[in-house]
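Written below as structure tokens is the structure these notes are about.
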Amino acid sequence: MALRSSVVAVGRDRLLVEERTDKAARLQLVTLRGRDNVLGRSWDDPATAPSLEQLADPAAAGVPVLAKKLVVDLNTVPGVPLKVEGVAVVDRSTLVLINDNDFGMTDGPGAFDAAGRLVDSGVRTTLVRVRLDRPLPW
């Protein structure tokens, strides 16, 4: 399942949305204009089950789903670290990305040494500037 770590407004009615897993990330452009608003519907009620976030197929449940257009597959950009969790737009052709190193923590049996001390993962926090092949449309 893809996570959404960053959403950046890139115009009056457009959003740049990062969809990612820990090993892959893509930036998608969505347009809000002409879309149905879900505010004030049953999705606003905390008692609604399943909740909007729990739906396996929101469209099948009648939730309006935004069409998306791939802006950049970050896995194809040299120097982009894994687990990108922050996106900033510098200008129409330049983005800045930052990863999450989870404070150097690892999961699983190798997370602690024999003395019970945390083993640093060695993953560094990295800030990367990315030039897009085409300017963002806004």
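If only residues of region 25-40 that are surrounded by fewer than 14 Cβ atoms within 10 Å (Cβ to Cβ) and of a type outside the set (Asp, Glu) are counted, the one that is modelled with the lowest pLDDT is Arg35. Being in a strand (DSSP E or B) and closer than 24 Å to Val8 by Cβ, is that true of even one residue in region 113-127? Checking region 113-127: at least one residue is in a strand (DSSP E or B) and closer than 24 Å to Val8 by Cβ.
One line per residue, one yes/no per condition, for (1) on the phi > 0 side of the Ramachandran plot; (2) out of contact with any Asp or Glu (no Cβ under 9 Å at 6 or more places or on another chain):
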site	(1), (2)
Leu32	no, no
Leu70	no, yes
Leu74	no, no
Leu97	no, no
Asp102	yes, yes
Pro109	no, yes
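Determine, yes or no, whether Gly11 is among the small types (Gly, Ala, Ser), surrounded by 10 or more Cβ atoms within 10 Å (Cβ to Cβ) and either within 18 Å of the chain's Cα centre (by Cα) or assigned to a loop (DSSP other than H, G, I, E, B) (or both). Yes; evaluated as a whole, the condition is true for this residue.
Give region 50-68 a look and list any residue that's in contact with a strand residue (DSSP E or B) (Cβ under 8 Å, 6 or more places away or on another chain) and either closer than 21 Å to Val96 by Cβ or surrounded by 12 or more Cβ atoms within 10 Å (Cβ to Cβ) (or both), or say none. Selection gives Leu66, Lys68. Taking the criterion of being over 16 Å from the mean Cα position of the chain (by Cα), assigned to a loop (DSSP other than H, G, I, E, B) and over 17 Å from Leu136 (Cα atoms), the residues of region 54-102 that qualify are Leu55, Ala56, Asp57, Gly62, Val63, Pro64, Val65, Pro78, Gly79.
The values are calculated or read from the model by the stated rules, or taken from the named source; none is laboratory data. Quantities reported herein were computed from a predicted structural model and do not represent experimental measurements. So basically every Cβ, Gly included, is an ideal-geometry build from the backbone, and we count neighbours across all protein chains shown.
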